[in-house]
Amino acid sequence: MSNIIKPLVTEKMNSITEKQNKFGFIVRPSANKIEIGKEIEERYNVTVLSVNTMNYAGKTKRRYTKAGLIKGRTRALKKAIVTLKEGDTIDFYSNI
């Protein structure tokens, strides 16, 4: 089963990629750094130097409507920031 859910493509992540050669991914919460690094190396044919992960807890959201109070929850997720070897790069836009 794949540990990588999708690449993280935002303005902030693009600026970090240009300056520091780091790429962001949303990964499964059960994945560890070693599994993430191996999968990125296999999938994108690059050399991974380091993997940093961040766990985000889901937030409780409430809104008031005519029908009354509606409660919900956003999804919990895990982000991985991967540093690649100098000269290696990942092109997320090649499949478009």
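The values are calculated or read from the model by the stated rules, or taken from the named source; none is laboratory data. Remember, it's a predicted structure, so these values are computed and weren't measured experimentally. When we count neighbours, we look across all protein chains shown, and the Cβ atoms used for this are built from the backbone with ideal geometry, even at glycine. Side chains are part of the model used for accessible areas, which takes the heavy atoms of the whole protein and leaves out ligands, DNA and RNA. Shrake-Rupley method; radii C 1.70, N 1.55, O 1.52, S 1.80 Å.
The table below gives the values:
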{"quantity": "Lysine pair number, Cα distance threshold 18 Å (strictly under), the chain, separation 8 or more or different chains", "calculated": "24"}
{"quantity": "Nitroxide proxy distance, nm - points 7 Å out along Cα→Cβ at Ser2 and Lys66", "calculated": "4.3"}
{"quantity": "Accessible surface, per residue, of segment 1-89 when the full set of protein chains is kept, probe 1.4 Å, Å²", "calculated": "73"}
{"quantity": "Stretch gain in nm, segment Tyr56-Arg28, where the contour uses 0.36 nm per residue and the Cα spacing is subtracted", "calculated": "8.9 nm"}
{"quantity": "Size of charge dipole - the chain - debye, nearest 20, with Cβ of Lys, Arg +1 and Asp, Glu -1, no other charges", "calculated": "1120"}
{"quantity": "Rel. contact order, % - alpha carbon contacts under 8 angstrom, at least six apart, the chain", "calculated": "32"}
{"quantity": "20 Å tail of the calculated P(r), the chain, as % of Cα pairs", "calculated": "44"}
{"quantity": "Spatial separation of Cα centroids for segment 51-96 and segment 13-27, in angstrom", "calculated": "14"}
{"quantity": "Portion, in percent, of the accessible area of the chain that falls on carbon or sulfur, probe 1.4 Å", "calculated": "49"}
